[in-house]
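Participant: Sharing a structure here in structure tokens format.
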Amino acid sequence: MTSRRDFFKAAGIAGGAVSAATVGRFALAGLPEPVIQSKPDTMPPLVPNTGRPYNPVVTLNGWTLPWRMNQGVKEFHLVAEPVLREMAPGFKAHLWGYNGQSPGPTIEVVEGDRVRIFVTNKLPEHTSVHWHGQRLPNGMDGVSGLTQRSIKPGQTFVYEFIARRPGSFMYHPHADEMTQMAMGMMGLWITHPKEKHLLIDEVNRDFCFLLNAFDIDPGSYTPKTMTMLDFNLWSWNSRIFPGIDSLNVRLNDKVRIRVGNLTMTNHPIHLHGHEFTVTGTDGGAIPHTARWPEVTTDVAVGQMRQIEFVADEEGDWSFHCHKSHHTMNAMGHNVPTMIGVDHRDIGKKINSLIPDYMVMGERGMADMSEMEMPIPDNTAPMMTGEGPFGSVEMGGMFSVLKVRKDQKPGDYKNPGWYKHPAGTVAQPYKGVVAKPARSNSAGGQSMPRAQKSSKNFEVQIRKPSAHGEH
Ligand SMILES: [Cu+2]
């Protein structure tokens, strides 16, 4: 039970000057029923049925929290609790989150709205909620110990403030942060502008997701919370490819994507086939004169980036973090590079002792994606995703922007694979390929060497090749 003192403290009402009317109003109204979500699907946009109208966002593999309008105040109820999150088909993780999911639901409000958020703590330890990026009274900032008492297990606190600034924000605990964020406690907050805004364009599709990371050993279910940098699962909204839904849009749609980073490293987010503009951050909208075109934008730790573009090229366009180890799932990675090393003979010898021993990486790691190697239960494959032309050989922070001319406005269904017009797909060349001419020069250096190297030495190049050519 919430003690009255904690309740008023969190509500920003000074200890001595508690208004009985305020108590009565809350008590009479009761708490809004918490809404719980258990499906990991991308939920359709939640069109507002009360308050000022706006064009709602779509949270990738997530959802927006419904609210209750109580005498002009938008009331939300967040429940901090352990959750079972399907991170990809066949791989579930025991995380902490809000209202049945990690991340928690997206909260959408309108600039100027008075917002009241009840937070019930069903975790085994205390928590708090910090509303990242918001202008609010100091006592509503959610830093346990500094601006409020922490919310003990079983307690419900109430936060109340006016959403003053339109934009893209996040929420997360400010109590035992390293544990609670490593366990998946976070969510998005979108404040829509209350009227036409010079720097905030109207768009046809407005997507959002959080970058997050976990360290879960293959075959286990619970993240290691002491990990500082060496995470092995790089996720969007606690999903990893091929578990991340595609972003499905109609040809010539104006598209906005809001990305927040609550991992411990930066992520250069890259879109194929289009240029975009960074139109805003969690600090607000960017003036037009300060915007420039990009195809990759780095989202640093604790930052948000809001990108916009017109989807005017049909097709299935990759959309991913450009750190290549972030588009892979959990793997043993303290492994030397084996490209070009023929270790089959050694493999055979080891096989006679350990029948399951497998030789890896002789021709690169791509073989891994099509190899049916035994993996422990509850483990996502390292690189996978079956595309129309074979394995995509990806994991982690990877998805696809699907642009189609027959996608209906407001329809977010996956349209399936793109059907390329005849003659527009890269093909094997059928003609004769001449041997490439190779220069005899030792290199293209701009100046001659001052002296010859003392000894001629040779680096043996071992090219990956088919068996039997050695
Ligand atoms: Cu990354």
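The values are calculated or read from the model by the stated rules, or taken from the named source; none is laboratory data. These numbers were taken from a predicted model, which means no experiment stands behind them. Every residue, glycine among them, receives a Cβ derived from its backbone with ideal geometry; neighbour counts consider all protein chains shown. For the accessible areas, the whole protein counts, side chains as well, though only heavy atoms, and no ligand, DNA or RNA atoms are used. Shrake-Rupley method; radii C 1.70, N 1.55, O 1.52, S 1.80 Å.
Participant: Calculate the dipole size of segment 107-148 relative to its Cα centre from +1 charges on Lys and Arg beta carbons and -1 charges on Asp and Glu beta carbons; express the result in debye to the nearest 20.
Facilitator: 120
Participant: Right, here's the next one. To the nearest 0.05, what FRET efficiency results for A434 and R462 with a Förster distance of 22 Å applied to their C-beta separation?
Facilitator: Computed FRET efficiency for A434 and R462: 0.35.
Participant: Multiplying the sequence separation of D377 and H322 by 0.36 nm and subtracting their Cα-Cα distance, what value in nm do you get?
Facilitator: 16.9 nm
Participant: With +1 assigned to the C-beta of every Lys and Arg and -1 to the C-beta of every Asp and Glu, and no other charges, what is the dipole magnitude of segment 276-319 about the Cα centre in debye, to the nearest 20?
Facilitator: Charge dipole of segment 276-319: 320 debye, to the nearest 20.
Participant: Once you sort the root eigenvalues of the Cα gyration tensor of segment 257-302 as a ≥ b ≥ c, which label holds: rounded (a/c under 1.5), prolate (a/b larger than b/c) or oblate (the other case)?
Facilitator: oblate
Participant: Okay, next question. Can you tell me the order of 381-388, 95-102 when each peptide is scored by its average per-residue count of other Cβ atoms within 10 angstrom, highest first?
Facilitator: The peptides rank, most packed first, as 95-102, 381-388.
Participant: Could you derive backbone 3J(HN,Hα) for segment 278-288 from the dihedral phi with the Karplus parameters 6.51, -1.76 and 1.60 (θ = phi - 60°), listing whole Hz in sequence and x where the residue is Gly or Pro?
Facilitator: Along segment 278-288, the couplings run 7, 9, x, 10, 6, x, x, 6, 8, x, 3 Hz.
Participant: Subtracting the Cα-Cα distance from 0.36 nm times the residue separation, let me have the gained length for H197 to A422 in nm, one decimal.
Facilitator: Working: separation 225, 0.36 × 225 = 81.00 nm, distance 4.36 nm.
In short, 76.6 nm is gained.
Participant: So how do D312, D406, D245 rank on accessible area, 1.4 Å probe, biggest first, that is with the largest at the start?
Facilitator: Details: D312 80, D406 115, D245 55 Å².
From most accessible down to least: D406, D312, D245.
Participant: In debye, nearest 20, what is the charge dipole magnitude of segment 50-96 about its Cα centre with +1 on Lys and Arg Cβ and -1 on Asp and Glu Cβ, if you could check?
Facilitator: Numbers: 5 positive and 3 negative charges, 26 e Å.
Taking the Cα centre of segment 50-96 as origin, the dipole is about 120 debye.
Participant: Evaluate the distance, in nm, between pseudo-label points positioned 7 Å from the Cα of T50 and of E177 along their respective Cα→Cβ axes.
Facilitator: Once both label points are built, they end up 3.4 nm from each other.
Participant: Would you mind checking which residues have amide H under 5 Å from H130's amide H? H placed 1.01 Å from N; only 5 or more apart, or other chain.
Facilitator: Close amide H contacts, sequence-distant or interchain: H172, H174.
Participant: In whole Hz, what ³J(HN,Hα) sequence does segment 234-251 give by Karplus (6.51, -1.76, 1.60; θ = phi - 60°), x for Gly and Pro?
Facilitator: Result, ordered by residue: 10, 10, 10, 6, 6, 10, 10, 4, x, x, 8, 5, 7, 9, 9, 9, 9, 3 Hz.
Participant: What nm distance separates the two modelled labels at N138 and M228, each placed 7 Å from Cα along Cα→Cβ?
Facilitator: Using points 7 Å along Cα→Cβ, the separation is 3.1 nm.
Participant: Also, quick follow-up: Taking 0.36 nm per residue of sequence separation and subtracting the Cα-Cα distance, how much length would be gained by fully extending the chain between L251 and R114, in nm to one decimal?
Facilitator: 45.6 nm
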